[in-house]
Amino acid sequence: MVNFNPFGEKVPSSVSVVATEEMQEIAKVTTCVMPHGSRLSPDGKRHYSACMMDDLAVEIDTRTLKVSRHFVVTKGKEKGVMGAPGTEPAKPGDVTCSPTWAQPSSDGRRLFVACNKSNEIVVIDVDGWKLLGRWPAGMGCTTWP
């Protein structure tokens, strides 16, 4: 579950890790500003969320409960980066995607990130942590699946 205050300051927020049998929060992993769209990889080893205010996709290793890497989805600046993102939020003019969800493919080899601002889907190769392309998606691509 992602956590953020939509009415407060734009500060790094977290993803809650919940033990489902007990329905108890066991950890909070700080990720980015306004994490959205919490999804697990098919094998359960990775968690993905999109960072609406930072133009990022974030991957959490579910075994260590730490951010393992993040991906910049800003158009023209796309790149995969190891580790957690910095704590300095993106400048509003630098945000070209404003992603609202990140969905792994059924085989876990691709990550699809929906861009609210540009109406595109960013496609990321998970193994190589590199951009495969951007698909035009039209209005409505960012509605909650």
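Computed from the coordinates by the stated procedures, all read-outs in this text should not be read as laboratory data. Just so it is clear, the model here is predicted, and its values are computed rather than measured. Here the Cβ positions follow ideal geometry from the backbone for every residue, glycine too, while neighbour counts run over all protein chains shown.
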Residues 68, 16, 49, sorted so that the one with the fewest Cβ neighbours within 10 Å comes first | 16, 68, 49
Fewest to most neighbouring Cβ within 10 Å: what's the order for 69, 63?
-> 63, 69
Positive-end residue, the range 2-136 charge dipole about Cα centroid, Cβ charges, pick of 5, 87, 136 | 136
Cut-off under 5 Å, modelled amide H: who pairs with residue 101 long-range | 114
Restricting attention to the range 1-92, which chymotrypsin sites (Phe, Trp or Tyr not before Pro) occupy a DSSP loop and are surrounded by at most 14 other Cβ atoms within 10 Å?
-> 7
What is the chain's relative contact order, in percent, from Cα pairs under 8 angstrom and six or more apart in sequence?
-> 17
For the range 1-55, which trypsin sites (Lys or Arg not before Pro) are both in a DSSP coil and crowded by at most 14 other Cβ atoms within 10 Å?
-> 45
Can you give the extra length, in nm with one decimal, that the chain gains between residue 10 and residue 65 once fully stretched, where that is 0.36 nm per residue apart less the Cα-Cα distance?
-> 17.5 nm
Please list the non-local residues whose amide H lies under 5 Å from the amide H of residue 31, H modeled 1.01 Å from N, same-chain partners needing a gap of 5 or more.
-> 13, 14, 15
Anything over 23 Å Cα to Cα? Flag those among 45/66; 77/130; 79/117; 10/45, in the order listed.
-> 10/45
Assigned charges on the beta-carbon of Lys, Arg, Asp, Glu; the chain dipole about Cα centre (debye) | 360
The answer for residue 55, listing residues at least 5 apart or on another chain whose modeled amide H is closer than 5 Å to its amide H, is 98
When the Cα centres of the range 48-70 and the range 79-103 are compared, how far apart do they sit, in Å?
-> 10
Mind sorting 60, 121, 26 by how few other Cβ atoms lie within 10 Å of their own Cβ, fewest first?
-> 26, 121, 60
Stokes-Einstein D in µm²/s, Kirkwood radius over Cα pairs - the chain at 20 °C with 1.002 mPa s viscosity = 143
Rounded to the nearest 0.05, what FRET efficiency do residue 117 and residue 20 give with R0 = 35 Å and r taken as the Cβ-Cβ distance? Could you check?
-> 0.55
